[in-house]
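A.B. asks: Please find one structure pasted underneath; my questions will follow.
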């Protein structure tokens with residue numbers, strides 16, 4: 001039997017920090033012996049959905065394809081980390097159902113903060129009306145109500161956020177805890193905050 | 001480091017035996033310690049390409065998506081077995097290039113035999129003009145010229161075909177040979193025929 005992986009599904013507004021946190025998560029999970037695959041918005045779009053735009057139907061279609069890939073990876077022992085705005089609750093619920101071993105991680109960064117960061121300069125363009133259907137500006141983001149893990153990136157650095165996700169994964173039983181290791185500075189800061 | 005998997009890409013006419021052989025291959029590769037994922041036409045179509053038809057552009061698009069998934073699996077140590085007509089040499093060449101660890105397996109069953117088998121009754125429908133763009137009837141199949149492995153299903157049973165593929169994978173260096181095991185009846189039949 002292949003050891004069953006699980007899917008970490010990071011949802012949040014543009015510039016919330018999904019990609020950044022996923023890049024901090026990957027090496028930590030690998031250090032715990034897991035094989036990890038990042039399914040990040042842009043690369044996955046090119047590979048699976050070069051044909052799609054950003055209207056609701058297209059986003060749903062894309063989320064279904066990502067879900068399929070995440071399912072295949074997870075059932076073969078890999079931990080896919082999906083970093084996808086995935087603004088619709090229905091898409092996330094469908095992913096949860098199809099993948100099975102599913103952990104929803106809400107990267108809960110307030111819109112104002114995301115817009116200040118504006119990593120790709122897209123909020124500015126959306127506000128200027130140069131692009132449309134931009135989540136948070138003229139397209140809705142349905143905030144999760146049943147995420148297993150909520151990360152507040154305004155109170156934690158990317159590394160601390162990843163440490164926190166790992167602690168939560170231990171608490172939820174997806175990861176074994178490491179009793180022989182003393183808590184690190186950052187994990188103490190998180191648990192005691 | 002994750003041990004690198006490799007992709008077995010089975011190409012051939014409809015009813016050539018791609019699915020049948022892939023189902024014989026999977027348990028044999030698992031017995032060798034590999035994690036195997038079958039990427040078979042119909043299930044993968046539903047998961048990735050429910051939006052696509054069967055014209056050339058659609059088939060190419062679908063092959064690109066399957067390629068992306070096979071690449072992700074192979075680089076995470078899984079052996080994806082793709083069973084896809086994949087009638088165009090350009091699609092197969094693109095898959096070979098993108099996946100990297102790529103073994104093309106040509107399930108070379110003559111059209112007459114495939115049409116006699118007609119597993120899904122589709123040759124009959126295509127000949128009757130009820131369906132169109134059917135590979136081998138009114139859509140081309142560009143036979144591979146650089147397949148690493150060629151399987152003649154008119155001379156071997158499905159199980160023998162799978163044994164033969166494994167022997168070839170050993171010869172090509174993708175699998176370790178099993179020197180401690182005496183050749184089985186079927187593998188002897190293949191090597192000595």
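Just so it is clear, none of the values below were taken in a lab; they were calculated from the coordinates. Here the structure is a predicted model, which means the values were calculated and not measured. Methodologically, a virtual Cβ is constructed for each residue, glycine included, from the backbone with ideal geometry; neighbour enumeration extends over all protein chains shown.
A.B. asks: Give me log10 I(q)/I(0) at q = 0.12, 0.19, 0.22 Å⁻¹ for region B:16-85, Debye formula, one equal scatterer per alpha-carbon, no solvent.
C.D. replies: Cα-only, vacuum Debye calculation for region B:16-85: -0.33, -0.77, -0.96.
A.B. asks: Separate question: Using the Cα atoms of the protein assembly as shown, I'd like the radius of gyration and the largest Cα-Cα distance, Dmax, both in angstrom.
C.D. replies: Rg then Dmax for the protein assembly as shown, in Å: 23.6, 73.
A.B. asks: How far apart are the residue B:4 label points across copies, placing each 7 Å from Cα toward Cβ, in nm, shortest first?
C.D. replies: Ordered by increasing distance: 3.2 nm.
A.B. asks: Using alpha-carbon pairs under 8 Å, 6+ residues apart, how would you state the relative contact order of chain B in percent?
C.D. replies: Dividing the mean separation by the residue count of chain B yields 30 percent.
A.B. asks: Also, I was wondering about something else. May I ask for the percentage of alpha-carbon pairs in chain B that lie more than 26 Å from each other?
C.D. replies: 30 percent
A.B. asks: Please average, across the residues of A:70-78, the number of beta carbons from any other chain that are within 10 Å of each residue's own beta carbon, and give a whole number.
C.D. replies: Average neighbour count from other chains, rounded to a whole number: 5.
A.B. asks: Every other copy gets compared here: list the nm distances from the residue B:46 label point (7 Å along Cα to Cβ) to its counterparts, shortest first, one decimal.
C.D. replies: Spelled out, the distances from residue B:46's label point are 3.1 nm.
A.B. asks: Using the 10 angstrom Cβ neighbour count as an exposure proxy, how do A:131, A:107, B:149 rank, fewest first?
C.D. replies: Least crowded to most crowded, the residues run A:131, B:149, A:107.
A.B. asks: Please list, in order, the residues from region B:136-175 whose amide nitrogen is less than 14 Å from a point placed 7 Å along the Cα→Cβ vector of residue B:112.
C.D. replies: Counting backbone N atoms under 14 Å from the label point, the list is B:154.
A.B. asks: I'd like the orientation of helix A:158-172 relative to chain A: the angle between its Cα long axis and the longest Cα principal axis, in ° from 0 to 90, rounded to 10.
C.D. replies: So the inclination is approximately 60 degrees.
A.B. asks: Exposure proxy check: B:130, A:37 ranked by fewest other beta carbons within 10 Å? Intermediate values should be presented prior to the final figure.
C.D. replies: Values: B:130 10, A:37 21.
Listed from fewest to most nearby Cβ atoms, that is B:130, A:37.
A.B. asks: As a check on your reading of the symmetry: which chain A residue has its Cβ nearest the axis that brings A onto B, and how far is it in Å?
C.D. replies: A:69, 3
A.B. asks: Give the nm distances, rounded to one decimal, from residue A:100 to the matching residue in every other copy, measuring between label points 7 Å along Cα toward the beta carbon; shortest first.
C.D. replies: When each copy's label point is compared with this one, the spacings are 2.8 nm.
A.B. asks: Continuing with this model, one more query. Hey, with R₀ at 25 Å, roughly what FRET efficiency would residue B:157 and residue B:119 work out to, going by the Cβ-Cβ distance, to 0.05?
C.D. replies: Efficiency for this residue pair is about 0.95.
A.B. asks: How would B:154, B:145 line up from fewest to most surrounding beta-carbon atoms within 10 angstrom?
C.D. replies: B:145, B:154
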